[in-house]
Structures are given as C-alpha cells and as structure tokens.
Amino acid sequence: MYNYFKFGDNIYLQTSGTAMGTRMAPQYANIFMDDLEQHFLNSLPLTPLLYLPYIDDIFIIWTHGKETLEEFHHDFNSFHPTINLSLDQSTREVHFLDTTAQISDGHINTTLYRKPTDHYAYLHASSFHPRHTTRSIVYSQALRYNRICSNPSDRDQHLQDLHQAFSKLRYPHEEIRKPINRARHVPRSLLLQDKPKKETNRTPLAITYSPQLKPLQRIISDLQPILNNNPSLSQALGGRPVLAHRQPVNLKHILTSNYTPHHTNSNSGTNPCNKPRCQLYPHIYTRDTITGPNQISHTITGSFTCTSTNVMDFIMCQQCPSAMYIGQTGQSLHKRINGHKSDIRNGNIQKPVGEHFNLPGHTIADLKVAILQQKNFRTRLQRETTELQFICKFDTINSGLNKDYEWLANYKSSFSSLGVHISTAKRGPHPP
C-alpha cells in the first residue's frame, strides 16, 4: 500500500508502515503486530505468563526474573527493524491505558489512571449538542470508573472527582448526580463481561442537528403505525428509524480550511493544480502559445488548471507535431482527459485519440493536454460551435486527429453564418 503526501513544495512516498488516520490503519496494524508477535513468542524458550496486546500497548506478567525480562525486551526490539518498544516494569504497580494494575497481598487490584496532562476535557454543557449526548457522557464515564476500580471506596473517590469536573463544565446538578448513582449500582461483574453487539434492522435517519427538530422523534413515533401496516414498507424499513444527528456548520468550518493553496500560479495557460495526487500533472502542456498542424499559432489568454470546467481543450502528441485533437467539455478537464486515457489503455481504436496513441512506438506518456479557452457557455451547442471554430482554425480535420463533422450534422444552420461547409471525411491512422 502506497501513501503519497505533500509537505511544502515536495511530494513524499511513505516507505514503511501505513497512512495514519485511514479507516483500515488500525486493523492493518493489528494484523501485522499479531503475526510479528506470534513469530517472536514461538521462537523463545521463556514466555510471559500473561500477554495482552492492544494495538501498540502490551500488558504482560513475567515470572522469570528481572534479568530475563530485560533480555526479552531487547530481543523483541531486535526482531524487526522498525518496531521499538519502551519498557515500563514494576513489582508493585504498572499503568496500562487508563488503568493502574497493583499487586497487594498476593492479589491484583485495579484503579483509575489519569495522565498528568488529563484535565477532564469533556464536552461543555452549553455545547450545541442534543441533551441526551451530554447526559450519556456523564453516565458512560461513571460506568468506566465502576468497571476499572476494583475497590468500591476508591471508585467513590474518583466519582466525586468526576462530579466536580462536570460541575465546572456547568452541567446541572441532577444531570450529574442521577447518571453517577445509576452507574454506581450496576454490578461490576456485569461490566467485566464481554457483550455481543446487538444486531438491529432499524434504518438510520441522519439529519443535521437543530433544537427546532426536537419534536421529530415524536412525529416519527406517531407515523410509525402507517409504515407497520404496509407490508412492503415494514419489510424494507424494518422497525422504527434510528434518529442520528450530523454536526451542523460551525465557526471552525467557516473560518478554517484543511486545504491551503500553495504557490498559486497566475501565468497564462494551463497550470498544475498542486494537488498531491493529481494524475494529469505529467500530461499538462504549460506554454501559453500553441501552433496547429497548419502552422497557425494561437495565444492562450487566462489561467487554468485541470479542475477548470466549461472549456475548449486540445490534445497533442509529443512525437507527432501535427497530431492535434480539439475537444470541448462542460465537465472539468481532468474528467474529460480521463476518458481519453481510458480509451488509450483499453486499446479503443474507434476513437481518434485512442487510435493514435496505440500506434507503434507510442505510449500514453506522449500525451499532452491544455485548455484553449474557457467561457460561460450556457448550452452544449455554444461549446460545439466554438469547438468547430478551433477545428477550422487549425484544420485538424485534414491535418490533425479530428476525424469528421458528423456529430455537427444537426447544426448546419448554426454555422451558415461562419461560411463553413460541413462534410464528412474518413481517414486512416495519423502517420507518426
């Protein structure tokens, strides 16, 4: 798997690992580490009594002495060139994720662990979220405390700290007290059991959150009998829809952007879009003057990129100076050219561009493309009329790659004012 990214003016290829932030990255890392750990552990004469990995954190119980533990750690870091683990060991207590495991009187006890940088950065009560969201945060955190803390008095002390933290975030007293008390009375033995994920056939109804939509849940409940009484709808939609909220536009979305244009080019002609993964970049003809197969020159005015739309475009071959093709599109240039590149790769010789670049000695790397003109064309006919003007100007029917005027047969009257006689002319492949 390849990960290309841009920093400043340079484009980099990640040569080891996978891209952070992608959906499959954690699963990919888990599979890789599981395979690595199995091979490593199977090669050892001494292994841990307990080995519990969680992505890049590992909790182990070692019963073979400190010296052999340090050898185990050294051998693990030497097993693969890019894997390097730090070791935090103790005969009394050790931190793992949000838990501190302690050995006391021959027993293992657990309590809550908070990093020194943790400042209870929970959602503020005034945040623009549904009320059930803020209430569920208190309850879920209290359940987490109950699950982690093996000592009830220790748990209650941490729950008091949690109560104070939410009070500082302006949560109403009852919205703190009730969820904490409810979570405190859940047996810890139940919280330590694995719960299978509940399957549901309810259809999610995603809406942009707004307080004005609060009655929507009641409206759905009132109308649900209508769906239940219709066999087709009840089978297709399942039970009552699950109401889900998407985040509305906020100040951050308005004031910031993830993409910052870098070195915008204002030169006339077609310029690179500067996007890291632009596949049209190698094919862009960047000069502002072109010469047709009939030796007539044309100066390009305006600055364009592969994302420009509603344009006149031309394709030329680096090996054949007279091999020029004039086209038009209402879509972006890169979408237009992707169609031509597909014809070339698939050997579609029924199309003039696909035919020429499949000639002997030609490859897709010989293809160059640029924009001749961009206007506010309101109809396809307007674009095709301008396209015909450029075809006639450069004489690409007789000397270039455009094959004929057949597609303009319905527009003869539109070109009468141009003095253009529309006829058909079939030619063989353009000579190299």
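For the reader, a short list of remarks on this structure follows.
- Output for region 330-347, where each listed residue is within 14 Å of H362 (Cβ to Cβ) and either in contact with a Lys or Arg (Cβ under 8 Å, 6 or more places away or on another chain) or surrounded by fewer than 19 Cβ atoms within 10 Å (Cβ to Cβ) (or both): H340, D343, R345, G347
- Taking the criterion of being under 34 Å from the mean Cα position of the chain (by Cα) and open to solvent by 80 Å² or more (accessible area, probe 1.4 Å), the residues of region 83-96 that qualify are N84, S86.
- Scanning region 288-308 for residues that are open to solvent by 60 Å² or more (accessible area, probe 1.4 Å), over 18 Å from Q389 (Cβ atoms) and touching a residue at least 24 places away in the same chain (Cβ under 8 Å) yields one hit, T307.
- Filter result for the condition that a residue is surrounded by 13 or more Cβ atoms within 10 Å (Cβ to Cβ), farther than 23 Å from R246 by Cα and of a type in the set (S, T, Y), over S234, S189: S234
- Of residues in region 385-406 being charged (D, E, K, R) and without any contact (Cβ under 8 Å) to a residue 60 or more places away in the chain, the one nearest to P293 (Cα to Cα): K403
- Failed item, numbered, when D105 is tested on (1) in contact (Cβ under 8 Å) with a residue 12 or more places away in the chain; (2) under 30 Å from N151 (Cβ atoms): (1)
- Counting only helices (runs of 4 or more DSSP H) that fall entirely inside region 125-237 and contain at least 2 residues that are more than 37 Å from the chain's Cα centre (by Cα), the qualifying elements are 152-168, 173-184, 188-191, 216-228.
- Looking across region 238-273, the residues that are in a loop (DSSP other than H, G, I, E, B), modelled with pLDDT of 80 or more and under 25 Å from the mean Cα position of the chain (by Cα) come down to Q247, P248, V249, N250, P272, C273.
- Restricting attention to region 105-114, the residues that are assigned to a loop (DSSP other than H, G, I, E, B) and at pLDDT 90 or above add up to 2.
- The one condition in (1) over 33 Å from the mean Cα position of the chain (by Cα); (2) touching a residue at least 12 places away in the same chain (Cβ under 8 Å); (3) at positive phi that I55 fails to fulfil: (1)
- Among the conditions (1) open to solvent by 50 Å² or more (accessible area, probe 1.4 Å); (2) of a type in the set (A, V, I, L, M); (3) under 36 Å from the mean Cα position of the chain (by Cα), A29 misses just one, which is (1).
- Filter result for E37 (of a type outside the set (G, A, S), open to solvent by 90 Å² or more (accessible area, probe 1.4 Å) and at negative phi): no
- Verdict on T99 being free of Cβ contacts under 8 Å to residues at least 60 places away in the same chain, closer than 20 Å to I148 by Cα and open to solvent by less than 50 Å² (accessible area, probe 1.4 Å): yes
- Breaking point among (1) within 30 Å of Y171 (Cβ to Cβ); (2) at pLDDT 90 or above; (3) of a type outside the set (S, T, Y); (4) not in a strand (DSSP E or B), for H95: (4)
- Scanning region 190-219 for residues being touching a helix residue (DSSP H, G or I) at 6+ places or on another chain (Cβ under 9 Å), at pLDDT below 85 and among the β-branched types (V, I, T) gives a total of 1.
- Residue within region 17-36 that is within 23 Å of E71 (Cα to Cα) and in contact with a His (Cβ under 7 Å, 6 or more places away or on another chain) present: yes
- Complete set of residues in region 19-68 that are hydrophobic (A, V, I, L, M, F, W, C) and in contact with a Leu (Cβ under 8 Å, 6 or more places away or on another chain): I58, F59, I60, I61, W62
- Region 109-132: number of residues that are open to solvent by 30 Å² or more (accessible area, probe 1.4 Å) and farther than 26 Å from Q193 by Cβ: 15
- Restricting region 133-156 to residues that are of a type in the set (A, V, I, L, M) and touching a helix residue (DSSP H, G or I) at 6+ places or on another chain (Cβ under 7 Å), the residue that is most open to solvent (accessible area, probe 1.4 Å): L143
- Selected residue (criterion: most open to solvent (accessible area, probe 1.4 Å)) from residues of region 348-384 that are part of a helix (DSSP H, G or I), in contact (Cβ under 8 Å) with a residue 40 or more places away in the chain and farther than 17 Å from Y285 by Cβ: R380
- Taking every residue in region 116-141 that is modelled with pLDDT of 90 or more and pairing it with any residue that is of a type in the set (G, A, S), at least 6 positions away or on another chain, the pairs with Cβ-Cβ distances below 6 Å are Y139/A183.
- Of all the numbered requirements in (1) modelled with pLDDT under 90; (2) touching a Cys at 6+ places or on another chain (Cβ under 7 Å), A409 misses one, and that requirement is (2).
The values are calculated or read from the model by the stated rules, or taken from the named source; none is laboratory data. No experiment lies behind these values; they were computed from the predicted model shown. Reconstructed Cβ throughout: ideal geometry from the backbone, glycine too, with neighbour counts over all protein chains shown. Quick note on the areas: whole protein, heavy atoms, side chains included, nothing else; ligands and nucleic acids left out. Shrake-Rupley method; radii C 1.70, N 1.55, O 1.52, S 1.80 Å.
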